[in-house]
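In what follows, a single structure is set out as structure tokens and then discussed.
The values are calculated or read from the model by the stated rules, or taken from the named source; none is laboratory data. Being a predicted model, the structure only gives us computed values, none of them experimental. Virtual Cβ from ideal backbone geometry, glycine too; neighbours counted across all protein chains shown.
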Amino acid sequence: MPSTRFADTMLSRRSGRDSGVTDLVFKVSHGAIPPGAVLAGRVPPENRRPVQEPEQYMRISHLSQLIAVILICLMGPGTASAKDWFPFPVYEVSPPFKADGKRTDRTYVAYTSPPSRKWNICVSIPHLKDAYWLAANFGLVNEAKRLGVSLTLFQAGGYDKLDTQIRQIEKCLQAGADALIVSAVSLSGLNETLAEVHSKGIPIIDLINGMSFPDIAARAAADYYDNGFEAGRYIARLNETGERPVSVLWFPGPKDAAWAQRGDLGFNDALKGTNIRILATKYGDTGKKIQGELVEQAMDEHPDVDYIVGTTVTAEAAAALVRRRRLTDRTQVMAYYFGPGVHRGLKRGTIIAAPTDMPAIMARVSVNQAVRILEKQPYLKHVGSKTIVVDKSNLRSFDLTTSLAPRGFQPIFDVN
């Protein structure tokens, strides 16, 4: 940042006089706290200092003026504003694209230089039937707008639409795409089509879902093993006493999707050695109708279940069914990723918790990776967001923009 040196100079002059304010300004000047958060009053508790003595007022007033001057400098041209999504904490996997690769914490800083040309990026995602992919849509198109590149988005219509996704990727080729971002509906079903894309020198970025195609250029995806594991661990911690057996109905998502397979593995691993037993695992597309039918069938078979855990769509359907059957005192519901319906459920107490892999952020990162590759700039090949669990304890402080599109956002398919 151009203004960091100024902030450091001012800090050195205040050294020892007010460590809380000094620490706050240091964190802002080095990107740990957005300047807008301070101006809006969202300051971490450790940097808050109440006025206890009347004679302190004058000194703190001067300090407030100092902070205001520094923040104005920090928010000047060439620095991230309060509306920017970066810098953002992520992890890098090395070697890339390996499930057992080593994770290293990184701070992701987005590409900010004007591109050398208006690159054409083509994107294919599984569907827009739920808010998860709407959040990804929001991240993709807004990052394309910020960078000044063109973007064309296709949605296949569901995880059973492999042929549709193949045709859409072929359309990307015909339209002269410079880069391809793909959220695959199948672990290996796209391999032949992607080989053709790769043969033409077009970089392929794997967004969120994972794929087995070996020649991708980059990946922006949390490992859904983490989501599954964190969901399982959350339930295990709620039942650490082990006083009685605990039962779960588990809905990982579409069986052929890589993310659902990883989520299933993580969930099962988290429950090993506990008193928690999975009564049934039900795979299926994440459409409302299919998930609703799966939940109803499973609850008919296991009416006394303790927990229902699954996709966001599963959790919404389960919460409604539990309420209708008057089982709210018996059965609790948890999602293993985040969405607006889950957010409402958390606020109402009908859903107890949900991990999030921050799809809006991963979508933005994928566009960044594509542009950096096309501009022949250094880039992180394999980036993942750190999975966190959202529940009533941290719901108010959680940054919804990482995981949800704004209220009223409608799908956008073209950025020109």
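Of the strands (runs of 3 or more DSSP E) entirely within segment 119-195, those holding at least 3 residues that are of a type in the set (Val, Ile, Thr) occupy 120-125.
Filtering segment 271-315 to residues that are of a type in the set (Asp, Glu) and part of a loop (DSSP other than H, G, I, E, B) leaves 285, 304, 306. Only residues that are closer than 17 Å to residue 226 by Cα and touching a Phe, Trp or Tyr at 6+ places or on another chain (Cβ under 6 Å): list them for segment 86-134, please. Answer for segment 86-134, where residues must be closer than 17 Å to residue 226 by Cα and touching a Phe, Trp or Tyr at 6+ places or on another chain (Cβ under 6 Å): 90, 103, 105.
Just one residue in the set 285, 306 is in contact with a strand residue (DSSP E or B) (Cβ under 7 Å, 6 or more places away or on another chain) and not assigned by TED's automatic domain parsing to the domain that holds residue 188; that residue is 306. Within segment 86-144, restricting attention to residues that are more than 19 Å from the chain's Cα centre (by Cα) and β-branched (Val, Ile, Thr), the residue that is surrounded by the most Cβ atoms within 10 Å (Cβ to Cβ) is 121.
Of all residues in segment 95-117, those being outside any loop (DSSP other than H, G, I, E, B) and over 30 Å from residue 148 (Cα atoms) number 3. Filtering segment 248-270 to residues that are in a loop (DSSP other than H, G, I, E, B) and more than 20 Å from the chain's Cα centre (by Cα) leaves 255, 256. Which pairs do you get when a residue that is without any contact (Cβ under 8 Å) to a residue 24 or more places away in the chain, found in segment 313-331, comes within reach of a residue that is outside any loop (DSSP other than H, G, I, E, B) and not β-branched (Val, Ile, Thr), reach meaning Cβ atoms under 7 angstrom, with the pair 6+ apart or on two chains? Close Cβ pairs (under 7 Å, with a partner that is outside any loop (DSSP other than H, G, I, E, B) and not β-branched (Val, Ile, Thr)) do not exist here.
Condition check ((1) on the phi < 0 side of the Ramachandran plot; (2) hydroxyl-bearing (Ser, Thr, Tyr); (3) buried (at least 22 other Cβ atoms within 10 Å of the Cβ); (4) at pLDDT below 95) across all residues:
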site	(1), (2), (3), (4)
301	yes, no, no, no
315	yes, no, yes, no
318	yes, no, yes, no
324	yes, no, no, no
336	yes, yes, yes, no
352	yes, no, no, no
359	yes, no, yes, no
395	yes, no, no, no
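The number of residues in segment 342-373 being touching a strand residue (DSSP E or B) at 6+ places or on another chain (Cβ under 6 Å) and of a type in the set (A, V, I, L, M, F, W, C) comes to 10.
Residues satisfying the criterion are present in segment 227-244 (criterion: modelled with pLDDT of 95 or more, under 12 Å from residue 311 (Cβ atoms) and among the hydrophobic types (A, V, I, L, M, F, W, C)).
Count, please, the residues in segment 145-155 that happen to be surrounded by 19 or more Cβ atoms within 10 Å (Cβ to Cβ) and touching a strand residue (DSSP E or B) at 6+ places or on another chain (Cβ under 7 Å).
Final tally of qualifying residues: 5.
Residues in segment 275-299 that are surrounded by fewer than 21 Cβ atoms within 10 Å (Cβ to Cβ) and among the acidic types (Asp, Glu): 293, 296.
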